[in-house]
Amino acid sequence: MDYKDFEDYDYQESDNVGFDFKGFLFKALSLWRLVLLCIGVALIVAYFINVRKENIYRLDSLITVNNDQNPFFTANTSISFNWGGVSGKVGSILTEIKTRTHNEIVIDSLEYYKQYLEEGKYHLIDIYKKAPFEVITNKAKPQALGIPIGIRIIDQSSFELFYEFETDKVTGQFYDSKEKLSIAVSIGKFSKVYKFGDSVNEPFFNGVINLKPRANIPVGKIFYVRYLNFDTVVDSYKNRIKIEPTSRDASSVLRLSLIGKNKSKIVDFLNATSAIFSKTELERKNLYATNTIKFIDSSLGAVNDDLKAVTDEMNDFRKANKVFNVEEEISQKSEQLKEYDKEKLIEQSKLNYLNTLEDYLRTKTDYSQIAAPSSVGIEEANILSSVSRIIALSVERRNLEYSTREGSIIFDELDRRIDTEKSVLLEAIGVTKQTIGIQLNTISRKVANLESELIGLPKDQQEFLKIQRKLDLSREAYDIYQAKRGEAAIVKAANVSDITVIDEAKDIGDAPIGPKKSLNYMLALMIGFFSPMLLIFIIYLLDSTIHGSDEITKMSKIPILGLIGKYRYKNNLVAYEKPKSAVAESFRAIRSSLQFIFKNRPPETRANTLMVTSSVSGEGKTFTSINIATVYSISGKKTILIGLDLRKPKIFDDFNITNEKGVVNYLIGDSTLDEIITHTHIDNLDLITSGPIPPNPSELLMGDKLKALIATLKDQYDIIILDTPPLGLVTDALELVQYVDATIFMIRLDYTKKGMLQLVNAKYKSGELKNISFVLNFYRHKNNHNYGYGYGYGYGYGYGYGTYGSAYHERDKRSFFGRVKNFLKRL
């Protein structure tokens, strides 16, 4: 692009550039080794996780919940003792199986707090029933928790018990009371030989170890026994046991399932759970009959005592009065009185039961101990159904107390239902008592009428009839209670649990459900890929350095004059000492491009003046100045290179000269122009070093003597090249713009900050910089960021410039993060 055309170009600063997805993609591709390394590491980690994890299994069993109607206490009628229907039972079972109380019973019966272990490849393995011995735990004495006690089998009669203690205290537990305590032990290794079958009584272990009959005795092999915290084991199984209906259509069929590492333990736990649940449900179902039998037994005792007393009284009367019979007419009336007395006895028993029930309801809170109303002949439907429901609700509330905290809304709802049912029952009792009272009054009048007809009999006959009535009444009461008790006992004996096992849990060789090895590998692959990609993305977002020519073209309209590749060499004289190198060729290309800029200078001026600057030190400014001067001198142009970086002079080292005298000496009047000009070993190339570092470099560069110096040199040379201070750190370079025909701004890829381009853009827009062009240093053709340019050289020089901007600051040692970042950049 012609510079006049460039100046006419409508310049627009492009500070806000959107996310460059293409650039990010190429950045990721350039770091493919890092991504591949992370994927490999993740897969290796997944492999070791898979081989170290034990297999996980899931087994299940099926149970069904029935809704039996159970007869109680009468041959002609029956009482329906319904626990809320099948749905109510299912809800109760779904809740109870997750309760701590139920799981404590199961764990205690199976002793799952005790583990039999053997050494595996990576860890101890639970062998459960495969151990050749059995440990009989002394539950009344403490067992140390969490320590694998070693058992080495010596021979078929003896074994060694051992463990190495690292502390003098261990936690123990009594498995009868479940209490914990601290056990004092001796630090160091414990080892002692015992006989199989002998009682072992140590502070940390108490029990008997017996060999199993017909067991294979692996002499010398080591096994371990470990006791666990009872509450922790219960919580573990309580949280893992699952129960759910098999389908909506068969809600009474429930599936029990459990996940674990040992299939035998899973099978035993599921089957024990079903058995204990069935037993518990049967006991609960028999509760009604049990309470009734207790009530009848207490009544039978009193009736039996009355019967004995009346029998003795009759015997005594007969001995004394010799009366053994009465006339037939009197006997008929006596039988009629007997029937009335029987009716009165039944009604009085009902009244007594209702009075007792009413008092019980008003004074007690646990209504699960109510006897059956049919035990005394009460058949009112309201009372029978209310008693059944209130017992069922009371039992349900009692079961929920183990799994639900007090104050829960569930308790509030149950209490409301119980109170409602109790109110209905009390009202029914009151009405029934009134009815019974009327019947008792009627019977009493009938008895009084008959007794009045017997007043005319002799006194001995009247007494005999009186005693006979009492005796018949006692016998009748005894027979009734005996019959009722027999009925209740028969029903209780014939009762079956409403929970039936359809399909027991069984190990049929089911494949493990975990660990999911393929899933682990897939997760490892994803983590191994996305983790470095995320890291690259974050670094890419936070990266403020320039990596490619495409970024420059997006951020600035200033043209790129040339590209300098990366090349490792011992000094900066690459164009002179390696004239056939790609870097030397790149400098010749820059020389050619400069001719298009210099042709626009005023024709009366002999020399072309070029200023080389950069944002900070370390971007290749001095390297470029020396080599551009070299290629011009080699082409036959009389060239002079002036070191105007008065704060950090550099150019003298490569020409093996000193920096004792230079432009500073001339500017302060200490030396003449001829004294500061040095003729180098390169034909047509002269050099003026900067000289001693002055205290006021900016003031010296602003003086008239520098202007006169430039004017003099323009008459003597064809090309004047100024090596200036960095533009981004000091303002010295801006003072020199007035003397130059063109300016080269150095950009070192992967080093120069993007913010510096904004600075250059601003100064160019304000007119402080003119005829400026970019030269890219450390350019790599294979750098994926440079997809905007299709040419390059793939070479370069390898001079290190330290950390960013360090030339004007005290140099610090590179941090660990800096070294890692530098390593990642080299990937």
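Here are the numbers for the structure shown:
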item	result
All Cα pairs of segment 148-252, percent lying beyond 17 Å	65
Overall form of segment 501-638 per C-alpha gyration tensor (a/c, 1.5; a/b vs b/c)	prolate
Ile508/Ala184 FRET efficiency (R0 60 Å; Cβ-Cβ; nearest 0.05)	0.80
Under 19 Å from Lys637, Cα to Cα: lysines that are on another chain or at least 8 residues apart	Lys599, Lys714
Scattering profile of segment 500-557 at q = 0.25 Å⁻¹ [log10 I(q)/I(0), Debye over alpha-carbon scatterers]	-1.02
Radius of gyration and maximum dimension Dmax of segment 698-757, Cα, Å	13.7, 40
GluC sites (Glu not before Pro) within segment 535-610: DSSP coil, no more than 13 neighbouring Cβ in 10 Å	Glu604
Ile409-Thr232 FRET efficiency (beta carbon distance; Förster radius 25 Å; 0.05 resolution)	0.25
Reachable lysines from Lys338, criterion Cα separation under 18 angstrom, eight or more residues apart if same chain	Lys446, Lys466, Lys470
Cross-link reach list, lysines versus Lys554, counting only Cα pairs under 24 Å and skipping chain neighbours closer than eight places	Lys4, Lys22, Lys27, Lys566, Lys621, Lys753, Lys754, Lys763, Lys765, Lys770, Lys782, Lys825
In segment 243-276, the trypsin sites (Lys or Arg not before Pro) that fall in loop regions by DSSP, at most 12 other Cβ within 10 Å	Arg248
Trypsin sites (Lys or Arg not before Pro) within segment 121-161: DSSP coil, no more than 10 neighbouring Cβ in 10 Å	Lys121
Computed E for Thr101/Asp312 - FRET, C-beta separation, R0 51 angstrom, nearest 0.05	0.50
Per-bin percent of Cα-Cα distances, segment 601-655 [5 Å]	4, 16, 27, 22, 16, 9, 4, 0
For segment 584-721, size of Cβ-based charge dipole, Lys and Arg +1, Asp and Glu -1, in debye	480
Nonlocal amide H pairs with Phe205, under 5 Å, H built at 1.01 Å	Ala144
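No lab work stands behind these numbers, since they all come straight from the coordinates. Just so it is clear, the structure is predicted and the values come from calculations on it, not from any experiment. Here Cβ is always computed from backbone atoms with ideal geometry, including for glycine, and neighbour counts include all displayed protein chains.
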